[in-house]
Amino acid sequence: MLCLTGLSFSSFAQKVGLVLSGGGASGIAHIGVIKALEENGIPIDYISGTSIGSLIGGLYAAGYSPGEIEKLVRTENFIKLTKGELTSRYGYYLKKRDDYASWITFKLQLNGPLLNNLPTNAINSVPIDFYLMETFAGANARSHYNFDSLVVPFRCVASDIEKKQSVIFRNGDLPSAIRASMSYPFYLRPIQIDGKLLFDGGLYNNFPTNVMYDDFYPDFIIGSSVTENSAVPGDDNLYLQLRNMLMSKSNFDNICDNGIIIEPWAEVGIFNFEDTRRLIDSGYVATMRVMPQIKMHVKRQADSLELARKRATFRAAANSDSISFNKVVVNGVPEKGSEFITKSITKKRQKFTMNQLKRQYFRLMADEKIRSAYPTARQDSASGLFTLTLRARKDKHFFLDVGGNISNRPISNVFLGVQYNQLGRIGFTAYANGYLGKLNSSTMGKVRFDFPTRTPFYLEPVVSYSRWDYYRSSALFYNLDKPAYLIQEDAYGELNVGLPVGNMSKVVLSGGYAELKNRYYQTDAFTKLDTTDATVFDYGYTQLSYQINTLNRKQYASEGTYISARIKYVNGLESYYPGSTSIDSTISIHVPAHQWFNVKLVIDKYIRPIKYFKIGVYAEGVYSSQDFFKNYTGTILSAPAFNPIPESQTLFIDDYRAHQYVAGGLKAITSPFKNLDIRFEGYLFQPVLSITRTADNTAKYSTPFLYHHFLGMGALVFHSPIGPLSIGVNYYDKNDNSFSFFFHLGYTIYNKRSSD
């Protein structure tokens, strides 16, 4: 009788510990393991994990059920987090850099060692940093910063590379502990805790059964292992060489005899989080295979109703939506920078919620002057309000952009840009760039002042000069027909004032002065001794524009939406200087002032009806009250142009210019492989009144809607790390050579013209 009583008591008191290994994306299989254990009534009394195991284990310990964890990791938001990306909802268009032909940006600190300028992480850690704080801040406070007081007592490990040893987290800031445990070298930026720079726990202990045994001493240990020690590196495998240098050998055996190890299928790339369903199923199936063995050792059954009640009670008190902040502390930057960050976050509010913080935090982190601002939240026990602490770092002062375009057409160029950033009570940025090529050479300079007021805004003076030479041509593969002689010079200075409208749109008010100079022959019969005609238009302008931009790429986009609406007023003086081939013998002619309004609307939207296939819808409309210039060529040169495909802006085709027009098209995009698109685009251009040439080279309007024109493109585009590699064919109707073959490496993006 005493023996039976003892056995019964032993069975009732039986405690089970679950150990989750690291292993990158493979660790998603841990969810299936937990799911199978819960469904079969196997209790989980303690949990320990490393790296991805610390994230899955931390979610479970904080009261998330296996089903809820599965939903989290299968969302688009989670996939973006693993890539260091944000959903478009939390981007911030006001702080987005303008699009140029840059391939790569080097961030430089000129007063330090050159090696300090090398990047230390492959992805942006900002989205993950905030996600962990948002997810675990409530549970952290509810447990009073003691990991034993979570729904399930929890441990995770990180690596102190200075002392070459593991660091075990038993209390403190739960999201920071998990974040440190996940800091895979060169992929995710390491963080500092208590003065120690901490990396992924898998470097020294990728399967913390010893932590489970020493801290909790359970009766039975269940381990889920989705990784192995590194293979022996070859002399040409740099990744395995670095992995073996960094990682100590881990013991993937249970530390005691009373346990079992589950090894799900996990043959996926270490950072490939796309195949979550298959990984979860593999963890579930692998656990069910050994379930009879587990049940032989674990006689105690978990009470599912009691567990659900416990979770609900804990989560109700740990809901991040109920968190309110009343204080912001900024460390790591000078006082002026701290003031800029604080104002950007609080907007002078006395209190703000987690949702309000989230919006302002990502707006702040879109600023290029700030490299990082690691967030932690701690509750004041008396008031119940939270203090937000940001451990901030300024980004390097100098950015160097390098890029351009290599093409078989006369548009090859090189691009260089340099930017200087300074963080103070207001943000300051100075930028200058240059393009050099046979078709286009240009330079642009601007400074920008960002004001962190309640409604943030910026002031931006800009000066620019560009020269377009449509006559000169150079080809890598074949020669094009000789183009018409046309050289265009565009110089302007303007002042922009920008304000945000939501996160992904902005309003910009601009005013400036420009000079547009066109040199051309109005006949094909000219010699080197002839002089060109010249039209010079000096004008002032005021413009109000509204833009939304959630496109995923600056060229060859396949996701998102772009909308631009603009109204512009122009007032200027035309001067015409006839050349030696002109029928007009006057030395110079000054035309009465031109003034007009221009309204332009552009919509570019992409949808995905089925996987691997996307449809783009493009629409553009222009109304201008512009009148005729002295001659046809001067008129057509100053008229709005329709350039929907990248290469069309490098060509001067009269047929796609008009004072009023509507245009639109469709794009079909399929992606058979990652980063590879097959694109087909077709457009219709419908002028309201086409501009035609008279016998004496002046301009006149045609009958309304008399002409319309088609253009299109078929291309194979590979999105390389430095830019798109595109090969394809363009079509322009009613031309002698309607089809043109193109090959581009890089971007056909240029500095903005005064007419844009």
Exercise. Identify all residues within the range 143-153 that are in a helix (DSSP H, G or I) and either modelled with pLDDT under 95 or open to solvent by less than 30 Å² (accessible area, probe 1.4 Å) (or both); write none if there are none.
Key: Phe147
Quiz item: Could you list, in sequence order, the residues of the range 154-178 that are in contact with a helix residue (DSSP H, G or I) (Cβ under 8 Å, 6 or more places away or on another chain) and part of a strand (DSSP E or B)?
Solution: Phe154, Arg155, Cys156, Val157, Ala158, Ser159, Ser166, Val167, Ile168, Phe169, Asn171
Practice problem: State whether the residues of the range 288-304 include one that is under 30 Å from Gln350 (Cβ atoms), open to solvent by 50 Å² or more (accessible area, probe 1.4 Å) and assigned to a helix (DSSP H, G or I). | Solution: no
Quiz item: Can Ile426 be described as in contact (Cβ under 8 Å) with a residue 40 or more places away in the chain, open to solvent by 10 Å² or more (accessible area, probe 1.4 Å) and closer than 30 Å to Ile487 by Cβ?
Solution: no
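Going by what's in this entry, would Asp655 be described as in contact with a His (Cβ under 7 Å, 6 or more places away or on another chain) and either surrounded by 20 or more Cβ atoms within 10 Å (Cβ to Cβ) or assigned to a helix (DSSP H, G or I) (or both)? Break it down stepwise before answering.
Details: in contact with a His (Cβ under 7 Å, 6 or more places away or on another chain): yes; either surrounded by 20 or more Cβ atoms within 10 Å (Cβ to Cβ) or assigned to a helix (DSSP H, G or I) (or both): yes.
So Asp655 passes the test.
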Quiz item: Is the range 197-204 home to any residue that is touching a residue at least 60 places away in the same chain (Cβ under 8 Å), open to solvent by 10 Å² or more (accessible area, probe 1.4 Å) and part of a helix (DSSP H, G or I)?
Solution: no
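Residue by residue through the range 603-615, note down the ones that are under 23 Å from Ser545 (Cα atoms) and either polar (S, T, N, Q) or in contact (Cβ under 8 Å) with a residue 60 or more places away in the chain (or both). Walk me through it before giving the result.
Within the range 603-615, the first condition is being under 23 Å from Ser545 (Cα atoms), and the residues that meet it are 603-606.
Passing the criteria: only Tyr606.
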Practice problem: Pull up the range 314-325, narrow it to residues that are open to solvent by 70 Å² or more (accessible area, probe 1.4 Å) and farther than 16 Å from Glu68 by Cα, then point me to the one that is modelled with the highest pLDDT. | Solution: Ser322
Quiz item: Tally time: how many residues in the range 413-439 are touching a His at 6+ places or on another chain (Cβ under 9 Å) and more than 29 Å from Thr453 (Cα to Cα)?
Solution: 0
Exercise. Might you check whether a residue that is over 28 Å from the mean Cα position of the chain (by Cα), at positive phi and not in a strand (DSSP E or B) occurs anywhere in the range 668-684?
Key: no
Quiz item: Of Leu706, Leu725, which residue is in a strand (DSSP E or B) and free of Cβ contacts under 8 Å to residues at least 24 places away in the same chain?
Solution: Leu725
Quiz item: Considering only residues of the range 206-224 that are over 33 Å from the mean Cα position of the chain (by Cα) and in a loop (DSSP other than H, G, I, E, B), which is farthest from Gly22 (Cα to Cα)?
Solution: Asp219
Quiz item: Does Phe628 satisfy the condition of being in contact (Cβ under 8 Å) with a residue 24 or more places away in the chain, open to solvent by 10 Å² or more (accessible area, probe 1.4 Å) and not β-branched (Val, Ile, Thr)?
Solution: yes
Self-check item: Wholly within the range 321-409, strands (runs of 3 or more DSSP E) carrying at least 1 residues that are closer than 21 Å to Pro190 by Cα
Solution: 324-331, 370-379, 386-394
Practice problem: State whether the residues of the range 56-63 include one that is in a helix (DSSP H, G or I) and open to solvent by 10 Å² or more (accessible area, probe 1.4 Å). | Solution: no
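Could you list all residues from the range 586-617 that are among the basic types (Lys, Arg) and open to solvent by 50 Å² or more (accessible area, probe 1.4 Å)?
Residues of the range 586-617 that are among the basic types (Lys, Arg), as a first pass: 600, 605, 608, 611, 614.
Scanning the range 586-617 gives Lys600, Lys605, Arg608, Lys611.
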Quiz item: Among the numbered criteria (1) surrounded by 14 or more Cβ atoms within 10 Å (Cβ to Cβ); (2) part of a loop (DSSP other than H, G, I, E, B), which single criterion is violated by Ile583?
Solution: (1)
Quiz prompt | Members of the range 518-559 found to be closer than 16 Å to Ile583 by Cα and open to solvent by less than 70 Å² (accessible area, probe 1.4 Å), listed by number | solution = Arg519, Tyr520, Tyr521, Gln522, Thr523, Phe526, Asp530, Thr532, Asp533, Ala534, Thr535
Quiz prompt | Residue among Glu620, Glu647 that alone is part of a strand (DSSP E or B), over 28 Å from Gly579 (Cβ atoms), open to solvent by less than 60 Å² (accessible area, probe 1.4 Å) and of a type in the set (Asp, Glu) | solution = Glu620
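Which ones in the range 288-300 are more than 47 Å from the chain's Cα centre (by Cα) and either of a type outside the set (A, V, I, L, M) or closer than 11 Å to Lys15 by Cα (or both)?
Looking only at the range 288-300, we keep the residues that are more than 47 Å from the chain's Cα centre (by Cα), and these are 292-293, 295-300.
Pro292, Gln293, Lys295, His297, Val298, Lys299, Arg300, listed by residue number.
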Exercise. Would you mind finding the one in Leu94, Leu72 that is in contact with a strand residue (DSSP E or B) (Cβ under 8 Å, 6 or more places away or on another chain), assigned to a helix (DSSP H, G or I) and modelled with pLDDT under 95?
Key: Leu94
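The values are calculated or read from the model by the stated rules, or taken from the named source; none is laboratory data. The model shown is predicted, which means the values in this text are computed figures rather than measured ones. Counting neighbours? That spans all protein chains shown, and the Cβs are built from the backbone with ideal geometry, glycine included. Just so you know, the surface numbers come from the protein's heavy atoms only, side chains and all, with ligands and any DNA or RNA stripped out. Shrake-Rupley method; radii C 1.70, N 1.55, O 1.52, S 1.80 Å.
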